[in-house]
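Remarks on the structure that follows.
The values are calculated or read from the model by the stated rules, or taken from the named source; none is laboratory data. Remember, it's a predicted structure, so these values are computed and weren't measured experimentally. A quick note on method: Cβ atoms are made from the backbone with ideal geometry, for glycine too, and the neighbour counts reach across all protein chains shown.
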Amino acid sequence: MSMLLAFAPFIVFALFDRLLGVVPALSAAAALSAVLLLRDWLTPKRTVKVLEIGTVLLFGGLAVFALATHTEWSLLGVRLRVDAGLLLVVLASMAIGQPFTLQYAKEQTPPEVWVLPGFKLVNMVITAAWAVAFALMVLADVAMVYVPSLPLWVGIAVTVAAIVGAIRFTQWYPEHMRARFEAAAGG
């Protein structure tokens, strides 16, 4: 559940963008990201996470850029930038060998599990599943921006399906791999 809370700034952005506009929405999302980051920094047994650092930088950077350049993005244009930024954060976490799910998994498992051979691999696979989901969202955003005749529900359906698929995979895969490891150890 902690990992899903990390996506709250994206929900805040989506809601506020429609109500208040791009810059206030980006600013609110950056502020919420900063609060989540501060919470992890100040709470014992919690760690500052790559996803939350990336989220603060993403929303804060886009807000500052929009303010400094007086850029007026369309809803679809800003969604494309946000989703592409999130994809880059996830890919960067994999590239540095610290898949973003690893930090959340460590908060929910005992330290003796962290050293098991498959622990990091499982998190790399789960993070890759999220990367695929975000890539699908970026593709849907690109399609919505460059093919304006495409109905809006197509982009929404792709986004919902990608997120639900990533959540379900995140719930299923660790149990599946645990069962495989136990079967291999017992067999």
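Just checking, does region 81-92 include any residue being on the phi < 0 side of the Ramachandran plot and more than 13 Å from the chain's Cα centre (by Cα)?
So far as region 81-92 goes, yes, one or more of its residues are on the phi < 0 side of the Ramachandran plot and more than 13 Å from the chain's Cα centre (by Cα).
Quick check on region 58-76. Is at least one of its residues of a type in the set (Asp, Glu) and assigned to a helix (DSSP H, G or I)?
No, because not a single residue in region 58-76 is of a type in the set (Asp, Glu) and assigned to a helix (DSSP H, G or I).
Listed here are the residues, each with its yes/no results for (1) closer than 26 Å to residue 67 by Cβ; (2) modelled with pLDDT under 90.
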{"position": "3", "(1), (2)": "no, yes"}
{"position": "10", "(1), (2)": "yes, yes"}
{"position": "14", "(1), (2)": "yes, yes"}
{"position": "21", "(1), (2)": "yes, yes"}
{"position": "24", "(1), (2)": "yes, no"}
{"position": "33", "(1), (2)": "yes, no"}
{"position": "36", "(1), (2)": "yes, no"}
{"position": "44", "(1), (2)": "no, yes"}
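Among 47, 55, which is over 23 Å from residue 173 (Cα atoms) and in contact with a Pro (Cβ under 7 Å, 6 or more places away or on another chain)?
Working: 47 fails: in contact with a Pro (Cβ under 7 Å, 6 or more places away or on another chain).
Selected residue: 55, the only one of 47, 55 that is over 23 Å from residue 173 (Cα atoms) and in contact with a Pro (Cβ under 7 Å, 6 or more places away or on another chain).
Go through region 136-154 and report how many residues are modelled with pLDDT of 90 or more, over 15 Å from the mean Cα position of the chain (by Cα) and assigned to a helix (DSSP H, G or I).
10
From (1) under 29 Å from residue 150 (Cα atoms); (2) among the β-branched types (Val, Ile, Thr); (3) crowded, with 16+ Cβ neighbours inside 10 Å, pick out the condition that doesn't hold for residue 71.
Just one mismatch for residue 71, condition (3).
Under the condition of being of a type in the set (S, T, N, Q) and at pLDDT 90 or above, which residue from region 46-88 is farthest from residue 104 (Cα to Cα)?
69
Return yes when residue 170 is surrounded by 15 or more Cβ atoms within 10 Å (Cβ to Cβ) and modelled with pLDDT of 90 or more and no when it is not.
Yes; evaluated as a whole, the condition is true for this residue.
Across region 108-127, what is the number of residues that are of a type outside the set (Val, Ile, Thr), in contact with a helix residue (DSSP H, G or I) (Cβ under 7 Å, 6 or more places away or on another chain) and part of a helix (DSSP H, G or I)?
5
Between 179, 133, 185, 105, which is assigned to a helix (DSSP H, G or I), modelled with pLDDT under 95 and either in contact with a Ser or Thr (Cβ under 8 Å, 6 or more places away or on another chain) or surrounded by 18 or more Cβ atoms within 10 Å (Cβ to Cβ) (or both)?
Being assigned to a helix (DSSP H, G or I), modelled with pLDDT under 95 and either in contact with a Ser or Thr (Cβ under 8 Å, 6 or more places away or on another chain) or surrounded by 18 or more Cβ atoms within 10 Å (Cβ to Cβ) (or both) holds for just one of 179, 133, 185, 105, which is 105.
Could you please find all residues in region 131-160 being of a type in the set (A, V, I, L, M, F, W, C) and in contact (Cβ under 8 Å) with a residue 24 or more places away in the chain?
Taking region 131-160 as the starting set, the residues that turn out to be of a type in the set (A, V, I, L, M, F, W, C) are 131-140, 142-145, 147, 150, 152-154, 156-158, 160.
If the condition is that a residue be of a type in the set (A, V, I, L, M, F, W, C) and in contact (Cβ under 8 Å) with a residue 24 or more places away in the chain, then 131, 132, 133, 134, 135, 136, 137, 138, 142, 144, 145 are the ones that fit.
For region 15-65, how many residues are surrounded by fewer than 16 Cβ atoms within 10 Å (Cβ to Cβ) and either in contact (Cβ under 8 Å) with a residue 40 or more places away in the chain or basic (Lys, Arg) (or both)?
5
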